[in-house]
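All of the numbers you see were taken from the coordinates with simple rules; none came from a lab. Here the structure is a predicted model, which is why all the values come from computation and not from measurement. Heads up, the Cβs are rebuilt from the backbone with ideal geometry, glycines too, and the neighbour counts pull from every protein chain shown.
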Amino acid sequence: MANSRIQAVHFERKTGAALYPADRFGPAAAEKARGFHQSFPEYQETPLVSLGALAKELGVASIHIKDESYRFGLNAFKVLGSSYAIGNYMAKKLGVSISQLPYEKLISPEVKEKTGQITFVTATDGNHGRGVAWTANRLNQKSVVYMPRGSAVERLKNIQALGADASITELNYDDAVRLAKEGRDRNGWVLVQDTSWEGYEEIPGWIMEGYTTMAAEAAGQLKGLRPTHIFLQAGVGSMAGAICGYFASLYGKDDRPVMTIVEPDRADCLFRTAKANDGQLHFVTGDMNSIMAGLCCGEPCSIGWSVLRDHADHFISMPDYVAANGMRILGNPLPGDPRVISGESGAAAFGFAAEVLRNPALSDLKDSLELNRDSRILCFSTEGDTDRENYRRIVWDGQYPGFER
């Protein structure tokens, strides 16, 4: 294994009044988002599983995994953001607070008469687009979904089954986002994209706020146990920024957990931005061929980066085998531990934590992360086997492009 391909950037913990306000994604915002999600009949808390036997094996105090494969029956967390953004868009259109617009009102004939027919457009590798399509379907609206080349046909069919006009393009992810923007500009559609840039921040901000529902659930399920370390995977950084912001707000800048952000080494835009540390966003261009398809994004979310810049501690660029091993460990638990079906992107952050704890060659990195027998680790498995064929290929056969023995 080419351990030299794991790269790390460490940020000293920042203090002062000029930090990006984490409270934007803190407990109060999360409870507002959670209240909206609870109005959907499909809502249930997703499990937070404790891997006690694995924690003992790896020499830490505890390991908890938030299993988002149960979210709204969609096998991934993304619907939390897309539904909350669409709900906020419609609330603003109607001139009311989203707190006054639960699901029952959103689907009422009165609301439909006032809003008319709306088409929501997005670009996605699968999970976000499925969330947009699901929400549009539930609200009797329309959706158009563009997917980058190489997207799984299973994910495409899942989106189409929800009534979306969905297709796999010949573009990479970031160019598919630009295609969605063109659809908005040309056709008057509403762009629901989980990344932000100058002039497009309101809807991505709502999406990030929607993600905090799972953070609030996890905090409650921990029953007062404070994690010392949180590992988060990132594509554009919107989920990572939202969850980082929540826990930074919950515990305060001095007592918050050590936050580590992981990315595929072929799509490590946040790592590159952190490494440069020059006040600019740094992009990855061209093909981003990683098994962590949901993380293959080359342009950071500006809001997400603002949070991570001021409240995260470590940025990691890592090869595919790390995520693949995370999938295998979660799917083949030690006696007494529950099984977690985690997809390529969902297992990325846990896979990195496990690699650092298992691999003696990474002892210096383990020390830098301050991992020890007292560490209490929290990870978010953000997707299940949303591409079942690929999941089996990796977990059963140990095969994927670029696999190294």
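Quick notes on this one:
- Charge tally for Y200 (other residues, Cβ to Cβ under 10 Å; Lys, Arg +1; Asp, Glu -1): -1.
- Computed over the chain with a Gaussian network model linking Cα atoms closer than 10 Å, the most mobile of V236, V192, V395 is V395.
- Net charge of neighbours whose Cβ lies under 11 Å from the Cβ of L334, counting Lys and Arg as +1 and Asp and Glu as -1: 0
- Where trypsin sites (Lys or Arg not before Pro) fall in DSSP loop in region 199-275, at most 15 other Cβ within 10 Å: K223, K253
- Within region 317-405: Cβ-based charge dipole about Cα centre, in debye rounded to nearest 20 (Lys, Arg +1; Asp, Glu -1): 260 debye
- For region 79-193, alpha-carbon Rg over 2.2 N^0.38 Å: 1.04
- Charge tally in the Cβ shell below 11 Å around I168, where Lys, Arg are +1 and Asp, Glu are -1, I168 excluded: +1
- Taking every full run of DSSP H in the chain, the ones that stretch at least 18 Å from end to end by Cα along their long axis and average 0.5 or higher on the Kyte-Doolittle scale are 238-251.
- Whole-number percent relative contact order across the chain, with pairs defined as alpha carbons under 8 Å at least 6 apart: 23 percent
- Qualifying GluC sites (Glu not before Pro) in region 187-273, where qualification requires a DSSP coil assignment and no more than 10 other C-beta atoms within 10 Å, comprise E198.
- Listed residues F120, F283, F72, most fluctuating in the chain (Gaussian network, C-alpha, under 10 Å): F283
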